[in-house]
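Below is one structure, written out as structure tokens; the observations come after it.
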Protein chains: 2
Amino acid sequence: MNAIDWTERFKGTMALPRPVRDRLLNVALIRDHKKGYQVFGPENVPDSLIFLYDGTIRVSQTSGNGRDIVLYRVDAGESCVLTTACMLAEEAYNAEGIAESDIKVVVLPKMSFDRLVAEEPAFRSFVFATYSRRLIDLLRVVDDVAFGRIDVRLAERLLVLAGGDREIAATHQEIASELGTAREVISRVLHDFQERGLIVQSRGRITLSAKPALRAIAESD
Amino acid sequence: MNAIDWTERFKGTMALPRPVRDRLLNVALIRDHKKGYQVFGPENVPDSLIFLYDGTIRVSQTSGNGRDIVLYRVDAGESCVLTTACMLAEEAYNAEGIAESDIKVVVLPKMSFDRLVAEEPAFRSFVFATYSRRLIDLLRVVDDVAFGRIDVRLAERLLVLAGGDREIAATHQEIASELGTAREVISRVLHDFQERGLIVQSRGRITLSAKPALRAIAESD
DNA sequence: CCTTATTCAGTGACAAGGTCACAGAACTTG
DNA sequence: CAAGTTCTGTGACCTTGTCACTGAATAAGG
């Protein structure tokens, strides 16, 4: 028996009839993980489907020579579709999902997932929507990496990372890993931003002192 | 009534019971399109699901300033999942699918598709497998573009484009659009390959004269 | 508290790839 | 065959990535 009714939380389950939801609450497990936990990865392919109840998961790809790129983030209320993809993939891939905060996940056995997809149209369209969303996310990543300028991408990402706040706690290396580039490149561009008065830097911390100007750069494409 | 039993052709339908297949043959349409036809695109979002009976579809993304990149190809017997994604996407995207040869497609109305996914596990897993496959394809593209060397990627692509043959009929611009780079870059690298005796070029034509050497380059990562 | 590691950021030189402008070669069409 | 179009080659320059190394900021240990 679960203490929380997680079926309230997901678009795909909140509209389901009570009996179905009760059944789900019985078959699914709730798991807590610490920040930094690897939800899935090349060596760690889960055999169940994962729904994120709370926290965020950062999905990134790693190159041979130590460079990373963030593909997208899974937010609370979303499903982690790459786990499905991983399960079906024979080919090698090198994406991994890391808990970016402490997280709470709902683990649904493959069989229950399958049954739910078959029987509940609401759940089915939730799953397809999530898949589509991720495909679109990846299209965006391809577009950025193949055709985007690094200063534009950096300005954009700084604004996203800051959210409503003016400060970001991140090293240059971490930001480089967001964008799939090298640390030196980020150092250079941040230095430039600082000289132009757009940001203030200190070790491991960036203050956005001119968000509108950054937004102008981010949108100049 | 359709002349051909296309349900033979797809992994997701060939195992279905006869009555279901007959029903499908009735509701689905068969369409022929000429090479170059745009199967889907930003301005052209189909409202049905598309399965490719014959030919190939090249799915590519276009940047603002005239550069392209090929994301993947849909081969006969596969479904074109991006159409589903496009249908669900509110956000802008700029991918398009172009018939790379004359093609024959099966057009399945959304409703029939939905019913089939609900009722037939075989079809369901076919659809999920296709989605996963595309996700993995895109992961590969991201990896190549973000971390790959252009000479390695070019050698690889030349071998793929040639297939069993030694000759490729393509302009430098077309190859650049495969890899998401500029024409001049391809011209330079091809020139280099030619000087090293790996290929012979003439206008619009490339002969791979040393496939093993190219393969060595392609695999040097 | 000071010393010593360790992590983080800055920098210059160079390589790789992308952009621009233009020239000449190879096909096509009238 | 002449004229136009498409394709390829090339040099100069800019952006981005790589390498090697430096010093600064912080953490850890005595």
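The values are calculated or read from the model by the stated rules, or taken from the named source; none is laboratory data. Because the structure is a prediction, the values reported are computed rather than measured. Glycine gets a Cβ as well: all are built from the backbone with ideal geometry, and neighbour counts include every protein chain shown. To get the accessible areas, we keep the full protein, side chains included, count just its heavy atoms, and leave off ligands, DNA and RNA. Shrake-Rupley method; radii C 1.70, N 1.55, O 1.52, S 1.80 Å.
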(message) Need pairs with beta-carbon distance below 6 Å; first residue closer than 16 Å to B:Arg157 by Cβ and within the range B:195-221, second of a type in the set (Asp, Glu); sequence gap 6+ or separate chains.
(response) B:Thr207/B:Glu167; B:Ala218/B:Glu156
(request) Quick one: which residue in B:Arg153, B:Arg140, B:Arg134, B:Arg149 is within 14 Å of chain A (Cβ to nearest Cβ) and without any contact (Cβ under 8 Å) to a residue 12 or more places away in the chain? (result) B:Arg140
(request) Run B:Glu91 past the list (1) away from chain A (no Cβ under 14 Å); (2) open to solvent by 60 Å² or more (accessible area, probe 1.4 Å) and report the number of the one that doesn't hold. (result) (1)
(request) Spot the failing condition for B:Ser220; the list is (1) modelled with pLDDT of 95 or more; (2) small (Gly, Ala, Ser); (3) within 30 Å of A:Arg67 (Cβ to Cβ), and only one is missed. (result) (1)
(request) Just give me the residues in the range A:182-216 being open to solvent by 30 Å² or more (accessible area, probe 1.4 Å), near DNA strand C (Cβ under 9 Å from one of its atoms) and under 12 Å from A:Ile168 (Cβ atoms), in sequence order. (result) A:Gln201, A:Ser202, A:Gly204, A:Arg205
(message) Against the conditions (1) more than 16 Å from the chain's Cα centre (by Cα); (2) in contact (Cβ under 8 Å) with a residue 24 or more places away in the chain, where does B:Thr83 fall short? Just the number, please.
(response) (1)
(request) Scan the range A:162-189 residue by residue and report those that are of a type in the set (A, V, I, L, M, F, W, C) and closer than 16 Å to A:Pro212 by Cα. (result) A:Ala162
(request) Of the numbered conditions (1) open to solvent by less than 10 Å² (accessible area, probe 1.4 Å); (2) farther than 19 Å from B:Gly64 by Cβ, A:His172 fails exactly one; give the number of that condition. (result) (1)
(message) For the range B:154-168, which positions are more than 16 Å from B:Gln194 (Cα to Cα) and within 14 Å of DNA strand D (Cβ to nearest atom)?
(response) B:Leu161
(request) Determine if the range B:100-114 includes at least one residue that is polar (S, T, N, Q), within 17 Å of the chain's Cα centre (by Cα) and farther than 17 Å from B:Arg9 by Cβ. (result) no
(message) So B:Thr171 ticks every box in (1) near DNA strand D (Cβ under 10 Å from one of its atoms); (2) free of Cβ contacts under 8 Å to residues at least 12 places away in the same chain; (3) of a type in the set (S, T, N, Q) but one. Which box is left unticked?
(response) (2)
(message) Of everything in the range A:1-47, what is touching a residue at least 60 places away in the same chain (Cβ under 8 Å), among the small types (Gly, Ala, Ser) and surrounded by 14 or more Cβ atoms within 10 Å (Cβ to Cβ)? Give them in sequence order.
(response) A:Gly12, A:Ala15, A:Ala28
(message) Condition first: within 11 Å of chain B (Cβ to nearest Cβ), crowded, with 21+ Cβ neighbours inside 10 Å and without any contact (Cβ under 8 Å) to a residue 60 or more places away in the chain. Can you find one or more residues in the range A:99-122 that meet it?
(response) yes
(message) Are there helices (runs of 4 or more DSSP H) fully within the range A:86-198 with at least 3 residues that are in the same structural domain as A:Met14 (by TED's automatic domain parsing)? List them.
(response) A:110-119, A:121-147
(request) Take the range B:61-77 and flag every residue that is in contact (Cβ under 8 Å) with a residue 12 or more places away in the chain and open to solvent by 30 Å² or more (accessible area, probe 1.4 Å). (result) B:Thr62, B:Arg67, B:Asp68, B:Arg73, B:Asp75, B:Ala76
(message) With the structure loaded, tell me whether B:Val127 is open to solvent by less than 50 Å² (accessible area, probe 1.4 Å), within 14 Å of another protein chain (Cβ to nearest Cβ) and either within 16 Å of DNA strand C (Cβ to nearest atom) or on the phi > 0 side of the Ramachandran plot (or both) or whether it fails that test.
(response) no
(request) Test A:Phe40 against the stated conditions and say whether it is over 14 Å from the mean Cα position of the chain (by Cα) and more than 10 Å from every other protein chain (Cβ to nearest Cβ). (result) no
(request) Output the number of residues of the range B:46-76 satisfying the condition of being touching a Phe, Trp or Tyr at 6+ places or on another chain (Cβ under 6 Å) and of a type in the set (Gly, Ala, Ser). (result) 1
(request) Provide a single number: the residues in the range B:159-169 that are under 17 Å from B:Ser202 (Cα atoms) and open to solvent by 50 Å² or more (accessible area, probe 1.4 Å). (result) 5
(request) Identify, by number, the condition in (1) within 13 Å of chain B (Cβ to nearest Cβ); (2) open to solvent by 10 Å² or more (accessible area, probe 1.4 Å); (3) hydroxyl-bearing (Ser, Thr, Tyr) that A:Thr83 doesn't meet. (result) (2)
